[in-house]
Amino acid sequence: MSEKLLTAMPAQRTGAWLHHFANPGRFLRLVQPALPWAAAFSIGLTVTGLVWGFCFAPADWEQGIASRIMYVHVPAAWVAMAGYAALAVCSLLSIVWRHPLADLAAEEIGPVGAGFTAVCLVSGSLWGKPMWGAYWVWDARLTSVLVLFFLYLGHIALIRAFDNPAHGHRAAAILALVGAVNLPIIVFSVQWWNTLHQGNTISFSGSSKIYITMLYPLLIASVGFYLSFLTLVSARMAAAIMERRARNLLVAAAERG
Amino acid sequence: MDLAPFIDGSYGVAVVFLVGIGALTYLRYRRAVRRLAAVERR
């Protein structure tokens, strides 16, 4: 076996693995039976987390019951950032490997992610008024999340801005990849600059500065929000695949007859 | 300062968004399933 062929084999395997999961029909067969369960779990966890946070979570010693806004604001912020990270990964898959599902996923992640970012911004603004005396301040964390919201809106607009959908997907993918630089800025903004926004309370590597009775509802609401995001995007992708399939069948029938 | 309107408002925005996008997604999904089934029956 030649050296050229030997070096080509791993690349072929990677491509085969990617294309195995890039099949819209396979995606539909995997997702459709799981959707009712995913929807049930996301509703259950989100309702549990929000009701626990709204009705039963203890008040903070400093902020009082205003800290209950945390159970909406923090999960929405985490999902907004994770959604954009997923958008950037899909864009990379689309540009490098022309993954058929990646464009579809990117198109459906945009509106859902923008919605979660809007919830984060509005709830943060409503939390800011009683704590800081202002609905909005131009500090690094707030401004970088506002930029994230505009990046989502730009992606939604750009993907639909061309007559040729492939051109729209390519331009939007480049925007999503360039915009990914904003994610570390959001995360580290409270460390790099002197911000009015509080520092990171929860740490996955060290000890968290949050009491356990507040942490549990926060984690449940967060898992509920993440699962809701995943369910919504999967359902929208499945719907988009079925819409395209119906359109293609109609076109094929029209060409035959 | 009465904090209740700020808390109610933030939960209200989240619930309206989640219920709204959930309902829109469900309606779109159901319409797509029905449309594909109708086209495949032709």
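Readers should treat all values here as calculations from the given coordinates under stated rules, not as data from a laboratory. Predicted model only: the values in this text are computed from it and were never measured. Every residue, glycine among them, receives a Cβ derived from its backbone with ideal geometry; neighbour counts consider all protein chains shown.
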- Given 16 as the ceiling on other Cβ atoms within 10 Å, longest exposed-site-free region of chain A for trypsin sites (Lys or Arg not before Pro) in DSSP loops: A:1-97
- Query: Can you put A:187, A:79 in order, fewest other beta carbons within 10 Å first?
  - Reply: A:187, A:79
- Value of relative contact order over the stretch A:76-128, rounded to a whole percent, pairs C-alpha under 8 Å and six or more apart: 48 percent
- Task: Distance between Cα centroids, the stretch A:196-257 to the stretch A:29-89: provide it in whole Å.
- Result: 10 Å
- Note on the structure: In a Gaussian network model of chain A with springs linking alpha carbons closer than 10 Å, the residue among A:221, A:106, A:161 that fluctuates most is A:161
- Message: Counting other C-beta atoms within 10 Å, and keeping those with at most 10, which DSSP coil chymotrypsin sites (Phe, Trp or Tyr not before Pro) do you find in the stretch A:161-257?
- Response: A:204
- Task: Give me a single rounded figure for A:113-122: the average over its residues of other chain Cβ atoms within 10 Å of their Cβ.
- Result: 3
- Could you pull out every whole DSSP H run in chain A that spans at least 30 Å of Cα extent along its own axis and averages 1.0 or higher on the Kyte-Doolittle scale? A:70-97
- Message: Is there a quick way to get the dipole size of the protein assembly as shown? I mean about its Cα centre, with the Cβ of Lys and Arg at +1 and of Asp and Glu at -1; what is the value in debye to the nearest 20?
- Response: 1340 debye
- Item | Shielding score for A:229-241, defined as the mean number of other chain Cβ atoms within 10 Å | 4
- Which whole-number percent is the relative contact order of the stretch A:85-232 (Cα, under 8 Å, 6+ apart)? 24 percent
- Query: What does the charge add up to near residue B:28, with Lys and Arg as +1, Asp and Glu as -1, over the other residues with Cβ less than 9 Å from its Cβ?
  - Reply: +2
- Could you put A:155, A:169, A:197, A:20 in order, starting from the residue whose Cβ has the fewest other Cβ atoms within 10 Å? A:20, A:197, A:169, A:155
- Task: Compute the relative contact order of chain A as a whole-number percentage, counting only Cα pairs closer than 8 Å that sit 6 or more residues apart in sequence.
- Result: 31 percent
- Note on the structure: Going fewest to most other Cβ atoms within 10 Å around each Cβ, A:186, A:69, A:174, A:95 line up as A:174, A:95, A:186, A:69
- Alpha carbon convex hull of the stretch A:100-232, projected area averaged over orientations, nm²: 9.7 nm²
- Message: Given the -39500 (n - 2.57) contribution per DSSP H run of 4+ residues, what per-residue ellipticity at 222 nm results for the protein assembly as shown, rounded to the nearest 500 deg cm²/dmol?
- Response: -28500 deg cm²/dmol
- Can you give the angle from 0 to 90° between the axis of helix B:4-41 and the longest principal axis of chain B, with both taken from C-alpha atoms, to the nearest 10? 0 degrees
- Query: Roughly what % of Cα-Cα distances in chain A sit above 25 Å, to the whole percent?
  - Reply: 54 percent
